[in-house]
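Structure, as structure tokens:
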Amino acid sequence: MKNPLKGSPVSARNRPGVLVKELSERDRNRMMRHFLALENSDRLLRFGTFLPDEQVAAYVNLIDFKRDVVFGVYSRLFRLEAVGHLAFAPRETAADKQAATGKDRVAEFGVSVARPMRGMGVGSKLFERAAIHCRNNNVDTLYMHCLSSNQTMMHIAKKAGMKIQRDYGEADAYLTLPPANPSSMLQEAMAEQFATLDYTFRGNIHAALKWLNRLPRLRA
């Protein structure tokens, strides 16, 4: 699949290796398990500070799916292994970001990837999906804020060509996005369709296996 920042249709012969699905309220419990399973060092990199379980749970419970957009990557075992949170805010409430955009909203992206899926480009795929969603929803600037020591986020930022500003151990990066076009609209729709089909297929298998595992107990 070509870079979604440039925009090109996705063909059936060129399906993305990493399927990124938009998450919803029904995925909240799996998101909770994903974040709570992060090690202390991973929580530090994801949130910029160490959060105990109670604050992690509060963060997940306060995600507003009507305002923000959350993307996820499921494993073959139907386990949520990566989450990308695309948070939107009115431009006037983000004073430090107003100069870079003339649009009504700004977007900030945060990502976490569990160890089994690291080194596979999952974080970059989540970022690309977030970027194309911004394009198609009239947001022209995408931000990331992280610790300068977060090599994964720094790699994603540099790979995407983001402008990076470092200050006191932290880094702010932003990317100016081109406007939407029919190609970007089609690309996002097809990416979601592929991911939804895969999600449904794996979900059905997972449910069937759980049912089969219960058979011996039911017979007993």
Note down the accessible area of C146, probe 1.4 Å, to the nearest 10 Å².
10 Å²
For a quick check, take a GNM of the chain with Cα springs below 10 Å and name the residue from K125, K21, K158 with the largest mean-square fluctuation.
K158
In the P(r) worked out for the chain, what percent of Cα pairs fall beyond 32 Å?
19 percent
Most fluctuating of N136, N29, N150 in the GNM of the chain (C-alpha, under 10 Å) is N29
Could you calculate the contour length gain from R115 to T200, that is, 0.36 nm times the residue separation minus the distance between their Cα atoms, to one decimal place in nm?
28.2 nm
Using +1 on the beta carbon of Lys and Arg, -1 on that of Asp and Glu, and nothing else charged, what's the dipole of the chain about the Cα centre, debye to 20?
1100 debye
Under 11 Å from the Cβ of F109, count the other residues' Cβ atoms, weight Lys and Arg +1, Asp and Glu -1, and hand me the total.
-2
Violating pairs (Cα-Cα greater than 26 angstrom) within the set K103/K158; K66/K210; K21/K66; K66/K158:
K66/K210; K66/K158
Which order do the peptides 33-44, 52-63 come out in when sorted by mean C-beta neighbours inside 10 angstrom, highest first?
33-44, 52-63
Quick check: residue separation of W211 and A89 times 0.36 nm, minus the Cα distance between them. What number comes out in nm?
39.6 nm
Rounding to the nearest 20 debye, state how big the charge dipole of the range 35-80 is about its Cα centre with +1 on each Lys and Arg Cβ and -1 on each Asp and Glu Cβ.
240 debye
Other residues with Cβ under 13 Å from the Cβ of A37 give, with Lys and Arg +1 and Asp and Glu -1, a net charge of +2
Exactly which chymotrypsin sites (Phe, Trp or Tyr not before Pro) in the range 137-220 are in a DSSP loop and have at most 16 other Cβ atoms within 10 Å?
Y168
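The values are calculated or read from the model by the stated rules, or taken from the named source; none is laboratory data. Computed from a predicted model, the values in this text were never measured in an experiment. Cβ coordinates were reconstructed from backbone atoms using ideal geometry, including for glycine residues, and neighbour counts include every protein chain displayed. The accessibility values were calculated without ligands, DNA or RNA, using every heavy atom of the protein model including side chains. Shrake-Rupley method; radii C 1.70, N 1.55, O 1.52, S 1.80 Å.
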